[in-house]
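Asker: Encoded as structure tokens, here's the structure I'll be asking about.
The values are calculated or read from the model by the stated rules, or taken from the named source; none is laboratory data. Nothing here was measured: the structure is a model prediction, and the numbers come from that model. Here the Cβ positions follow ideal geometry from the backbone for every residue, glycine too, while neighbour counts run over all protein chains shown. Note: areas computed on protein heavy atoms with side chains; ligands, DNA, RNA excluded. Shrake-Rupley method; radii C 1.70, N 1.55, O 1.52, S 1.80 Å.
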Amino acid sequence: SVVLFDMEKVGVWVDCNILNEFSLKYRTELKGLTERIYQLAGEKFNINSPVQLGKILFEKLKIGDGGTQKSKVKKNYSTTAEILEKYAEDYEIVRLLLRYRQIQKLNSTYVEGLLKTVAQDGRIHTSFRQTETRTGRISSTEPNLQNIPVRTELGREMRKFFVAQDGRTLLDADYSQIELRLVAHICADEAMISGFADGADIHTSTAARVFGLPEEMITPEMRSAAKAVNFGIRSEEHTSELQSPVPI
């Protein structure tokens, strides 16, 4: 549409000074993490190599059971985050490795990655796609500006990269839970209709029912988890009432 074309053409202003500050901060931390990991391992190795990392952790350092994490297919040790988190509490090197991966991902994708896409006018000009998602929602590519982290403190810090020029203001506007309002209307769900009519936050209301807590005790994390219930595909006979707490 014309509106999306104008958005692409105008772009989003980025504070490159803040981006460069984060880049330096993350590169400095990665260097320190690397040195400490090498020290705990007793040797230098390719931290980004699952094969080398697996041998260091499970053969040399004998972490955990020291071997049952080997893949039956590839015959290599699994070093996924899910596996490493099992040993994070007991081993400093594992905690440092998880931190290393987190910082490296943020830096390469959202800091240095974004720096490479800043045009000469100081703005990022993403491309908006109207027909690529199955849900009909707009998607963003080259780069994806709809995927900037927000659920972690580190991720939220990255929102500072995007600023308005002097005399301008960034405006955030959205329909209020429009998909769920349509669902409530179509399936005549009394609980949802009542919630919307009373001005309730439907995700908070659902979270309260899922976790069996008063709405005032629902945390942002619980509300986010309840979205999986509201947006999940449920059979018709279960749309009007949650019979029991749903594991998230």
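Asker: Does segment 75-95 include one or more residues that are among the basic types (Lys, Arg) and either at pLDDT below 90 or farther than 30 Å from Arg36 by Cα (or both)?
Answerer: Yes, there is a match, as at least one residue in segment 75-95 is among the basic types (Lys, Arg) and either at pLDDT below 90 or farther than 30 Å from Arg36 by Cα (or both).
Asker: Hey, any hits in segment 158-177 for a residue that's farther than 30 Å from Glu21 by Cβ, open to solvent by less than 100 Å² (accessible area, probe 1.4 Å) and of a type in the set (Phe, Trp, Tyr)?
Answerer: No, that holds for no residue.
Asker: Conditions: (1) without any contact (Cβ under 8 Å) to a residue 60 or more places away in the chain; (2) surrounded by 13 or more Cβ atoms within 10 Å (Cβ to Cβ); (3) under 30 Å from Ala164 (Cα atoms). Phe22 meets all but one. Number of the miss?
Answerer: (1)
Asker: Evaluate the following for Glu241: is it part of a loop (DSSP other than H, G, I, E, B) and at pLDDT below 85?
Answerer: When the stated conditions are applied, Glu241 passes them.
Asker: Right, next: Look at Pro149 and say whether it is under 23 Å from Asp15 (Cβ atoms), buried (at least 18 other Cβ atoms within 10 Å of the Cβ) and either among the hydroxyl-bearing types (Ser, Thr, Tyr) or in contact with a helix residue (DSSP H, G or I) (Cβ under 8 Å, 6 or more places away or on another chain) (or both).
Answerer: Spelling it out, it is not the case that Pro149 is under 23 Å from Asp15 (Cβ atoms), buried (at least 18 other Cβ atoms within 10 Å of the Cβ) and either among the hydroxyl-bearing types (Ser, Thr, Tyr) or in contact with a helix residue (DSSP H, G or I) (Cβ under 8 Å, 6 or more places away or on another chain) (or both).
Asker: Another question, then. Restricting attention to segment 216-238, and to residues there that are modelled with pLDDT under 85 and open to solvent by less than 60 Å² (accessible area, probe 1.4 Å), which single residue is farthest from Glu179 (Cα to Cα)?
Answerer: Here the residue is Ser235.
Asker: Return a yes/no flag: does segment 217-229 have any residue that is of a type in the set (A, V, I, L, M, F, W, C), over 25 Å from the mean Cα position of the chain (by Cα) and not in a helix (DSSP H, G or I).
Answerer: No: segment 217-229 contains no residue that is of a type in the set (A, V, I, L, M, F, W, C), over 25 Å from the mean Cα position of the chain (by Cα) and not in a helix (DSSP H, G or I).
Asker: So, one more: Based on what the data block shows, is Ile202 of a type in the set (Val, Ile, Thr), surrounded by 13 or more Cβ atoms within 10 Å (Cβ to Cβ) and modelled with pLDDT of 90 or more? Don't jump to the end; show me each part of the working.
Answerer: On the way: of a type in the set (Val, Ile, Thr): yes; surrounded by 13 or more Cβ atoms within 10 Å (Cβ to Cβ): yes; modelled with pLDDT of 90 or more: no.
Criteria not met by Ile202.
Asker: Moving on. If you take the residues in segment 110-146 that are open to solvent by less than 70 Å² (accessible area, probe 1.4 Å) and at positive phi, which one is farthest from the chain's Cα centre (by Cα)?
Answerer: Gly122
Asker: So which residues in segment 153-198 are in a loop (DSSP other than H, G, I, E, B), more than 30 Å from Asp121 (Cα to Cα) and free of Cβ contacts under 8 Å to residues at least 12 places away in the same chain?
Answerer: Selection gives Tyr175, Ser176, Ala188, Asp198.
Asker: Let me ask something else about it. Which number in (1) in contact with a helix residue (DSSP H, G or I) (Cβ under 9 Å, 6 or more places away or on another chain); (2) touching a residue at least 12 places away in the same chain (Cβ under 8 Å); (3) over 24 Å from Ile148 (Cβ atoms); (4) open to solvent by less than 30 Å² (accessible area, probe 1.4 Å) marks the one condition that Asn107 misses?
Answerer: Among (1) in contact with a helix residue (DSSP H, G or I) (Cβ under 9 Å, 6 or more places away or on another chain); (2) touching a residue at least 12 places away in the same chain (Cβ under 8 Å); (3) over 24 Å from Ile148 (Cβ atoms); (4) open to solvent by less than 30 Å² (accessible area, probe 1.4 Å), Asn107 violates only (3).
Asker: Name, by its number, the condition in (1) more than 30 Å from Cys16 (Cα to Cα); (2) at pLDDT below 90 that does not hold for Leu213.
Answerer: Of (1) more than 30 Å from Cys16 (Cα to Cα); (2) at pLDDT below 90, only one is false for Leu213: (2).
Asker: Within the set of pairs 6+ apart or on separate chains, which have a first residue in segment 206-235 that is closer than 22 Å to Cys187 by Cβ, a second that is at pLDDT 90 or above and surrounded by fewer than 13 Cβ atoms within 10 Å (Cβ to Cβ), and C-beta atoms under 7 Å apart?
Answerer: Final answer for the pair search is Ala208/Pro214.
Asker: List pairs: first in segment 129-145 and over 19 Å from Tyr175 (Cα atoms), second of a type in the set (Ser, Thr, Tyr) and open to solvent by 40 Å² or more (accessible area, probe 1.4 Å), Cβ under 6 Å, 6+ apart or cross-chain?
Answerer: As it stands, the answer is Pro143/Thr117, since those pairs meet every condition given.
Asker: If you don't mind, there's one more thing I want to ask. Out of everything in segment 25-60 that is β-branched (Val, Ile, Thr) and free of Cβ contacts under 8 Å to residues at least 24 places away in the same chain, what residue ends up being surrounded by the most Cβ atoms within 10 Å (Cβ to Cβ)?
Answerer: Ile56
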